[in-house]
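The block underneath contains the structure these notes are about, expressed in structure tokens.
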Amino acid sequence: MTLDKRLGQRFLPYGANYLDWSDMDELREAIDQGVLFRYQTDGESVASRLERRVAERLGAGHVLAVHNCTEALRLALISTRPRTGDLVHIPAVTFVAVAGAVLSSGLIPVLVDVDDSLSMDTTLLPPGTRRSIVAHMEGTVAPLPEGVPYVVEDCAQALGARFPDGRHAGTRGYAGTFSFHHNKVLTSGEGGLLVTGDRAAWETMRCYHDHGSARVPGHYPTWNQDAHFGENFVTSEGVAAIQYQQFRHLDALLAGLERMHALAMQELPDRPDLTVLPRAAGDVKISLRFRWESRELRDAAVAALTARSIANWTLGKYFLPEHPVLTGRRSLYGDGFPWNLAPAGPLALSRDGFARTRDLLDRTLCVPLSPELPEQEQVLAVKALRQTLEAV
Ligand SMILES: *Cc1c(COP(=O)(O)O)cnc(C)c1O
């Protein structure tokens, strides 16, 4: 396959490049033992090993594996014991799963404007804000609001990122959530993790994620007299085994991204109408984020890259103020729950009705980096990118 073809066919498959039968010992073990349910035996499950490894790797207090990041967000929110209809402040620019997790937990999302880096502008949060989800988008570490008791860090796109103080994204707020969907840093097709430093919160989450039970591994679940209802978010040994394998490659993957990012920063064209959004040292460099002077130029760049089969994407899909899930305020419940509990008036915090945010998104373009390529191929890919951008 030619390099151009390889770059064009890949669309964000970071960890997917490291899926390899010769490196699937945990999966083989689980299959050989004939057990894919984590609580089947009282020995240490693959899921528990994964949780232990994640705690060590990220410096997280407590870890729980679940099916996906959306469930992890729901669990984090519900474990704060909110009242139905309570508000949760979320960024106006993020994947709709964030809003869906809030609504399906019986809570009301309030969209908050973003800054130049497309992270939530925490200065807009009103005093007394109780709950907020901060999303570290495209590997960019976002600032956390001060004085908010329940900050959930959505790290779906930022596994391995670090704050300036060295702590990992996901470990500074009340809870952190991670995704292993195909398009994320590491993958098990679908998969999620939840981390928290709060032992009692972890107990509540563990209980809720297994039907509200106080299960002892190896046994049928039991329920305490004060049990509350729960759901079933218990992960599978097969999925946990693949996640465990993927974690073996996290450092190489992050290093490959760093290397290609550094190469690209040296090679990019010097055009007055094009800027590259800066990346902090601790960000995961999953993409180059470009900002053009106008939407027309951005669209021309999309066309030029696409014609050369260079993968790229824009971020309009993340603009929640115009997302039908939010504008329509529809629900499958007959009484419109939970929208029927929303306060009157717009559920938005913006200085200008999101005009600036919209303009930023209209001029932004992302190009993924390829951690798995050897350096020589990364150099060629960066040169092809440079030529294409110069000709726009
Ligand atoms: C992918 C993603 C999610 C949802 O993750 P799933 O594992 O697919 O549920 C949530 N938030 C952000 C920012 C995402 O990119």
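The values are calculated or read from the model by the stated rules, or taken from the named source; none is laboratory data. Because the structure is a prediction, the values reported are computed rather than measured. No Cβ is skipped: glycine too gets one built from the backbone with ideal geometry, and neighbour counts run over all protein chains shown. When the accessible area is computed, the model is the full protein with side chains, heavy atoms only, and any ligands, DNA or RNA have been set aside. Shrake-Rupley method; radii C 1.70, N 1.55, O 1.52, S 1.80 Å.
Do we have any residue at all in segment 196-218 that's without any contact (Cβ under 8 Å) to a residue 60 or more places away in the chain and of a type in the set (S, T, Y)? Explain how you work it out, then say what you get.
Let us first name the residues in segment 196-218 that are without any contact (Cβ under 8 Å) to a residue 60 or more places away in the chain, namely 200, 203, 207, 211-214.
Narrowing the set further to residues that are of a type in the set (S, T, Y) leaves 213.
Yes, segment 196-218 has at least one match.
Yes/no matrix, rows are residues, columns are (1) outside the structural domain of I78 (by TED's automatic domain parsing); (2) buried (at least 19 other Cβ atoms within 10 Å of the Cβ); (3) within 21 Å of L58 (Cβ to Cβ):
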| position | (1), (2), (3) |
| --- | --- |
| R131 | no, yes, no |
| A135 | no, yes, yes |
| E138 | no, yes, yes |
| V141 | no, yes, yes |
| E146 | no, no, no |
| V151 | no, yes, yes |
| D154 | no, yes, yes |
| T171 | no, yes, yes |
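Is it true that some residue in segment 178-192 is among the charged types (D, E, K, R) and away from the ligand (no atom under 14 Å from the Cβ)?
no
Hey, can you tell me all the residues within segment 68-95 that are open to solvent by 10 Å² or more (accessible area, probe 1.4 Å), hydroxyl-bearing (S, T, Y) and within 16 Å of the ligand (Cβ to nearest atom)?
The one that is open to solvent by 10 Å² or more (accessible area, probe 1.4 Å), hydroxyl-bearing (S, T, Y) and within 16 Å of the ligand (Cβ to nearest atom): T70.
For a quick check of your reading: which strands (runs of 3 or more DSSP E) sit entirely within segment 79-151 and have at least 2 residues that are touching a residue at least 60 places away in the same chain (Cβ under 8 Å)?
Output list reads 87-91, 108-112.
Tally the residues that are small (G, A, S) and either open to solvent by 80 Å² or more (accessible area, probe 1.4 Å) or modelled with pLDDT under 95 (or both), restricting the search to segment 31-67.
Qualifying residue count for the region: 1.
So, restricting to helices (runs of 4 or more DSSP H) that lie completely within segment 229-336, which ones have at least 1 residues that are of a type in the set (V, I, T)?
Qualifying helices (runs of 4 or more DSSP H): 237-247, 295-307, 324-327.
Select from segment 116-128 the residues that are open to solvent by 10 Å² or more (accessible area, probe 1.4 Å) and at pLDDT 95 or above and list them in ascending order.
D121, T122, T123, L124, L125, P126, P127, G128
Looking only at residues that are in a loop (DSSP other than H, G, I, E, B) and either outside the structural domain of C155 (by TED's automatic domain parsing) or touching a Gly at 6+ places or on another chain (Cβ under 6 Å) (or both) in segment 35-66, which one is farthest from the ligand (Cβ to nearest atom)?
For segment 35-66, the residue satisfying everything is D42.
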